[in-house]
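Asks: Questions regarding the structure given below will be posed in turn.
Bear in mind that the values in this text are calculations on the coordinates, not laboratory data. It should be emphasised that the depicted structure is a prediction, and the values quoted were computed from it without experimental measurement. In this analysis, Cβ positions are derived from the backbone assuming ideal geometry, glycine residues included, and neighbour counts consider all displayed protein chains.
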Amino acid sequence: MRSVLALTVALGALAVFGPSLAPNDPNAIDIPNRLASPGGTYLLGTDALGRCVLSRLLHGATWSLGLAFIISMIGLAAGTLIGLAAAMGGRLVDWALMRVTDSFLAFPELVAAVVIAGVLGASTWSLIFALSVTGWMRYARVSRGVGLSLRERGHVIQARLAGLSPIAIAQWHYLPALGPSLIVVWTGMLARSILFISGLGFLGFGVQPPTPEWGTMLLDARVHLRSTPLLMIWPGLTILITVLAINLTGDALRDSLAKPERA
Amino acid sequence: MIVLVEVLLRSIVVLTLTALVTFTLLWHAPGDPAMAIALARYDAVVPPDVLEQIRAQTGLDAGYWPAFWHWIKPLLTGDFGNSSVSGRPIWPDLRDAFGLTLPLALAGLAIGLLISVPLAIYASRQPGSWIDRGAVAVASIGAAMPAYWLGLLLILLFSVRLGWLPAMGAQGPTHLILPALTLGLGVAASLTRILRSGLLEAREAPFLPALARRGVPANRIGRDHVAPHAAIPVVTVLGLELAFLLEGAVIVEVIFARPGLGTFLIDAIFARDFPKVQAVVIVTALLFVTVNLLIDLVYRVIDPRTRLSGA
Amino acid sequence: MLKVKDLTVRRGERCVLENISLTLSKGRTVAVIGESGAGKSTLVGAILGLLPVQNGHVSWNGGDLRSVFPSLVMQEPRAAFNPAFSLGRSVMEPVKARGLMLSDGRIDRLCNGLELDPALLKRRPYEVSIGQAQRLGILRALIAAAPLVLFDEHLSALDAVTQKLTAKLIATLQREEGFAALVVTHDLGYAAAHADDIVILKKGRIEETAPAGQFFRAPQTEYGRALCDAAFALGALERVA
């Protein structure tokens with residue numbers, strides 16, 4: 001729990017305060033100093049238009065992390081709702097919702113996201129939509145699974161007998177028990193969102209220039225692979241470290257939850 | 001038998017839903033589809049009567065369901081229709097593109113298996129040893145590594161710095177090496193993790209000490225009892241890996257300018273060539289449904305628990 | 001009045017309950033007795049509509065039983081409480097859920113009768129003993145004055161003295177409020193002292209059903225006699241003169 005909190009705070013701080021730590025304007029063009037090496041005014045060098053790479057990375061954190069957070073939360077809300085409806089709604093509802101979930105799962109997410117984002121036209125909104133539509137299924141699966149096992153628990157039966165409304169039962173008896181599993185799924189989905197946002201950005205379907213975003217920065221840097229390879233090292237390394245940190249937190253969390261609860 | 005029917009039925013439901021969702025998405029895509037076709041075809045704004053002609057040709061004028069039927073009916077007989085941009089039939093181009101993606105995916109899978117299987121077996125023999133920790137660390141980094149970045153790094157090393165391998169195109173077998181490596185390393189990362197934990201779990205199975213006490217040799221326990229246990233998650237994972245391979249192929253093909261299925265899709269989207277987009281989606285869905293169906297059946301053969309409950 | 005007619009529950013091929021019929025009027029108590037696996041708890045679940053029933057019908061005064069909110073004391077004392085909540089919150093759930101008003105001092109009176117310190121209500125389920133949890137379960141079942149209470153081995157975790165006190169409170173309350181009680185128990189002594197009618201369950205069927213006095217004086221079936229003899233031998237039951 002503590003590690004998730006620390007990570008969330010750290011990433012949140014990076015997303016919120018990152019831009020104010022930037023030494024330069026991320027969009028200020030400085031042609032004489034284009035493709036500069038690290039050092040001096042530009043700690044990590046400059047890109048093809050002479051823009052400060054470090055400043056762009058820090059501003060990009062807001063986009064990459066902020067969007068990933070929004071997308072993973074939309075998925076969390078939608079998936080939990082669908083999963084709980086399946087677990088609580090009886091066999092027919094369960095069957096129908098799970099077939100829909102399977103259909104969404106049966107398709108490679110990135111391909112679906114590329115098609116959706118591409119067809120809707122490249123914009124931040126279609127990016128959010130595309131990645132949310134393809135990112136709720138794991139939450140639904142997990143909340144349905146835990147929900148089904150809760151249905152036969154004593155306190156849930158008692159709540160039903162007591163005449164508590166289904167919504168209140170979901171809120172008070174299912175959600176608290178779902179929390180831990182959902183947090184584990186959430187860390188995984190946060191990492192996935194970061195990879196997919198920059199992946200779509202790299203393909204040209206994501207956040208549009210000149211907005212600094214890690215994937216788009218990679219796309220820009222690709223052209224200068226021969227002359228200025230460092231340019232593509234920075235955003236890649238940033239993505240790698242961020243995703244690695246989130247994944248490791250998720251693993252630690254899973255391990256600590258796998259230990260038996262206190263009786 | 002009942003199981004087979006249910007699985008088949010489920011596949012049909014998934015395919016139908018995919019087709020419907022795709023069509024609905026394209027139907028509601030921003031802009032006039034007829035205008036998009038006209039622009040793509042003639043590269044100029046065209047008079048209204050030409051637009052009408054295009055609408056009639058493509059079934060667009062009749063409304064949602066007739067237009068859907070206009071697409072689905074030939075599809076059921078294997079006809080993917082014509083590109084709205086070039087007017088050429090889609091199938092031959094799609095087949096050629098698939099012919100380039102398939103070797104890439106297979107080579108990626110082979111590289112992934114070649115790395116992960118020995119690594120996971122070695123690592124799980126001595127949990128906690130330096131080789132085990134190293135394997136876990138490499139796998140964790142691999143899982144967090146964006147494929148597009150890995151591809152660029154490989155180009156930087158092998159093409160730019162060392163000059164050993166070509167970075168672009170698909171002319172010969174050497175062109176396959178770097179893309180396959182990019183894909184394979186990603187596969188290896190996730191497979192190593194899953195295989196390792198599967199093997200560790202199987203090694204901790206409660207009946208193994210009893211076998212050892214009975215005097216069954218260690219290598220026979222490994223072969224006859226541990227391996228089959230670890231195989232169950234692997235079969236599941238292979239299904240997921242297929243998704244990974246296809247997603248990876250899209251990105252890898254773009255990085256290495258390889259004219260496969262991924263490039264085909266991206267080009268079609270940028271050209272707003274919707275019939276091509278639909279074709280790729282349907283082929284992908286068909287591929288997935290078939291593989292999932294096979295996995296489902298294999299699963300029932302190797303895992304006695306599902307055999308019982310599936311009856 | 002609770003009316004159960006031809007209740008049948010199957011699990012796969014196996015018949016867990018077969019053609020169970022019984023009636024239970026206001027203010028009366030029926031004891032369901034039988035060995036482990038006879039289907040006693042299944043019967044409770046089936047009456048409450050908690051599990052799929054293949055055949056049969058349950059009604060309360062000719063209407064739907066669930067609409068009058070029967071309450072249940074579960075066999076597993078702690079499981080009845082949400083581990084995320086204080087016990088007080090779980091105990092008050094039936095009251096809150098239906099927006100009822102409690103008379104002054106009802107909680108104190110019930111706690112008193114059950115020998116429960118009201119401070120326990122602030123604790124979590126795993127912070128009290130099993131015996132306390134069991135009495136808290138009874139408290140919860142009685143608090144909203146349900147017209148029908150089902151007790152599933154509700155005294156199993158209590159010592160003899162607490163058992164007596166608890167039984168006394170339930171009996172007093174039943175006289176005052178007139179709820180119907182269905183009690184699943186192994187304890188023939190308890191049944192003899194508190195039940196009006198006895199239902200003997202064996203392998204999912206009703207073996208014998210009779211008014212309590214008549215049953216303990218002269219069991220009609222082989223199995224009923226065996227049960228009584230065993231209880232006499234153990235001293236759980238005293239021979240009715």
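Asks: Treat every Asp and Glu Cβ in region A:78-156 as -1 and every Lys and Arg Cβ as +1, leave all other atoms uncharged, and give the resulting dipole magnitude about the Cα centre to the nearest 20 debye.
Replies: 220 debye
Asks: Something else: With charges set only on the Cβ (+1 for Lys and Arg, -1 for Asp and Glu), what does the dipole of chain C come to about its Cα centre, in debye to the nearest 20?
Replies: 500 debye
Asks: So what's region A:40-126 giving for Cα Rg divided by 2.2 N^0.38 Å, two decimals?
Replies: With N residues counted in region A:40-126, Rg over 2.2 N^0.38 Å equals 1.66.
Asks: For Cα pairs less than 8 Å apart in space and 6+ apart in sequence, what is the mean separation divided by the residue count of chain B, i.e. the relative contact order in percent?
Replies: Computed over chain B, the figure is 24 percent.
Asks: Which entries of C:Lys40/C:Lys164; C:Lys122/C:Lys164; C:Lys5/C:Lys26; B:Lys73/B:Lys276; C:Lys5/C:Lys203 show an alpha-carbon separation above 21 angstrom in the structure shown?
Replies: C:Lys40/C:Lys164; C:Lys122/C:Lys164
Asks: A further question on this structure: How large is ³J(HN,Hα) for each residue in region B:122-132, as worked out from phi by the Karplus curve 6.51 cos²θ - 1.76 cosθ + 1.60 (θ = phi - 60°), to whole Hz, x for Gly and Pro?
Replies: Those phi angles translate into 4, 5, 6, 5, 10, x, x, 6, 5, 5, 5 Hz.
Asks: At a 10 angstrom cut-off on C-beta neighbours, averaged per residue, how do the peptides B:184-192, A:194-202 rank from highest to lowest?
Replies: A:194-202, B:184-192
Asks: Let me ask something else about it. Classify region B:46-86 as rounded, prolate or oblate, taking a ≥ b ≥ c as the square roots of the eigenvalues of its Cα gyration tensor: rounded when a/c is under 1.5, otherwise prolate if a/b is larger than b/c and oblate if not.
Replies: Cα axes put region B:46-86 in the oblate bin.
Asks: Also: Which whole number gives the average, over all residues in B:245-258, of C-beta atoms from other chains lying within 10 Å of the residue C-beta?
Replies: Taking the mean over all residues of the peptide, I get 3.
Asks: So, one more: Could you grab the relative contact order for chain C? Cα pairs under 8 Å, six or more apart, rounded to a whole percent.
Replies: 27 percent.
Asks: On C-alpha positions alone, give me the angle between the axis of helix B:33-42 and the longest principal axis of chain B, in degrees, nearest 10.
Replies: Between helix and principal axis, roughly 80 degrees.
Asks: Can you sort B:Glu201, C:Glu222 by how many other beta carbons sit within 10 Å, fewest first?
Replies: C:Glu222, B:Glu201
Asks: Let me ask something else about it. On a C-alpha basis, how far is the centre of region C:96-153 from the centre of region B:112-155 in Å? Whole number, if you could?
Replies: Centre-to-centre (Cα) distance: 56 Å.
Asks: Report the percentage of all Cα-Cα pairs in region C:76-214 whose separation exceeds 22 Å, rounded to a whole percent.
Replies: Value for region C:76-214 (Cα pairs over 22 Å): 40 percent.
Asks: If we count other beta carbons within 10 Å of each Cβ, what is the order of A:Trp63, B:Trp130, A:Trp214, fewest first?
Replies: B:Trp130, A:Trp63, A:Trp214
Asks: Counting alpha carbon pairs within less than 8 Å and at least 6 residues apart, what relative contact order, in whole percent, applies to region B:20-154?
Replies: Reported as a whole number, the value is 11 percent.
Asks: May I have the convex hull volume per residue, in Å³, for the Cα set of region C:148-241?
Replies: Convex hull of Cα atoms, per residue: 113 Å³.
Asks: Under 12 Å from the Cβ of C:Leu173, count the other residues' Cβ atoms, weight Lys and Arg +1, Asp and Glu -1, and hand me the total.
Replies: +2
Asks: With +1 on each Lys and Arg Cβ and -1 on each Asp and Glu Cβ, and nothing else charged, work out how big the dipole of the protein assembly as shown is about its Cα centre, in Debye to the nearest 20.
Replies: 1400 debye
Asks: Separate question: Quick check: net charge around C:Asn61, other residues with Cβ under 12 Å of its Cβ, Lys/Arg +1 and Asp/Glu -1?
Replies: Summing Lys and Arg as +1 and Asp and Glu as -1 gives +1.
Asks: Tell me the net charge near A:Ser55. Cut-off is 12 Å between Cβ atoms, A:Ser55 excluded, with +1 for each Lys or Arg and -1 for each Asp or Glu.
Replies: -1
Asks: Run lengths n ≥ 4 of DSSP H only: what is the helix-derived mean residue ellipticity at 222 nm for the protein assembly as shown, with -39500 (n - 2.57) per run over all residues, to the nearest 500?
Replies: -20500 deg cm²/dmol
Asks: Rounded if a/c is under 1.5, else prolate if a/b beats b/c, else oblate: with a ≥ b ≥ c from the C-alpha gyration tensor eigenvalues square-rooted, which is region A:119-214?
Replies: prolate
Asks: Would you mind putting C:136-142, C:198-204 in packing order, based on average other-beta-carbon counts within 10 Å, highest first?
Replies: The packing order, highest mean first, is C:136-142, C:198-204.
Asks: Could you please rank C:Lys5, C:Lys122, placing first whichever residue has the fewest other Cβ atoms within 10 Å of its Cβ?
Replies: Ranking C:Lys5, C:Lys122 by Cβ neighbours within 10 Å, fewest first, gives C:Lys122, C:Lys5.
Asks: Where does helix B:261-270 land angle-wise versus the long Cα axis of chain B, in degrees 0 to 90, nearest 10?
Replies: Between the helix axis and the principal axis of chain B, the angle is about 40 degrees.
Asks: Further question on the same structure: Residues of B:138-145, mean number of Cβ from any other protein chain within 10 Å of their own Cβ, rounded to a whole number?
Replies: Taking the mean over all residues of the peptide, I get 4.
Asks: Need one number: % antiparallel among DSSP beta bridges in the protein assembly as shown, to the nearest 5.
Replies: Taking every DSSP beta bridge within the protein assembly as shown, about 55 percent pair in antiparallel fashion.
Asks: Pull out a ≥ b ≥ c, the square roots of the eigenvalues of the alpha-carbon gyration tensor of chain B, then state rounded if a/c is under 1.5, prolate if not and a/b is larger than b/c, and oblate in the remaining case.
Replies: oblate
Asks: Let me ask another. On the principal axes of its Cα set, how long, how wide and how thick is chain A? Give whole Å, largest value first.
Replies: Each principal axis gives a Cα extent; for chain A these are 76, 42, 26 Å.
Asks: Something else: Could you sort the peptides A:148-155, B:76-83 by per-residue average Cβ neighbour count (10 Å cutoff), highest mean leading?
Replies: Top to bottom by mean Cβ count within 10 Å: A:148-155, B:76-83.
Asks: Quick one, what does Rg over Rh come out to for the protein assembly as shown if you take C-alpha atoms and the Kirkwood Rh?
Replies: My calculation of the ratio gives 1.07.
Asks: Using a 10 Å cut-off around each Cβ of peptide A:223-236, what is the average number of partner chain Cβ atoms that fall inside?
Replies: Going residue by residue through A:223-236 and averaging, the value is 3.
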